[in-house]
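Everything on this sheet refers to the single structure shown next.
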Amino acid sequence: MIKDTIVQFVCFLTNLELDEFSPEWERYGDQLKDKKAEPVLLQQVSVNKNKFRYVSAHVWPERDFHFTFINERPSKYFPENKVRILQAGGYKPIQIEKRKSTFNADNRILAFISHNETDITFYQQLPLYSSLNIFQAYYESCTYGFILEFFVPEINVMDLLQELKKRDGLETGIFRECLVPQD
């Protein structure tokens, strides 16, 4: 991730498995093929359920940032497949410790933190993760104040989740980057 970028997070609420969901998601991802950075699709691991089954992250140069999915449909649902889209918004990276995902190395815990949270140092001082990426809301209209991306060794995953659950106003989940099946 380079300086002066905005990361657009889009969250998907659905019960669909990846093979059913990916064709719909690919229609949106295809809009970005001329960009240098491909969108990343994360799938929730079923150990710790939260409301988001999938999350996609789209990296944009700050000057080119726009909401990818907003103009596609007036509805926030995929009418054919019962998928609800939550536009989390655009977030400015303020701390990036892990730039590239090393597939299947560490577990990835996403924490979606409300605007009411002011003590971001609490999360930075947790001892259980190996790397932490912090994204701060770029616009007031963003759904969350911060989105944190913890990279955690397998042995510490449940302990970190327990620590995070002690805080009010956040959604957490364990996610893995998924390879979207090709037709």
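One table, with the values for the structure above:
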{"item": "Highest-first arrangement of 5-18, 126-139, where packing means the average Cβ count within 10 Å", "result": "5-18, 126-139"}
{"item": "Carbon + sulfur, % of accessible area of region 108-167 - ligands and nucleic acids excluded, 1.4 Å", "result": "47 percent"}
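The values are calculated or read from the model by the stated rules, or taken from the named source; none is laboratory data. The shown structure was predicted, so the numbers you read here are calculated from the model rather than taken from an experiment. All Cβ positions, glycine included, derive from the backbone under ideal geometry; neighbour counts span all protein chains shown. Quick note on the areas: whole protein, heavy atoms, side chains included, nothing else; ligands and nucleic acids left out. Shrake-Rupley method; radii C 1.70, N 1.55, O 1.52, S 1.80 Å.
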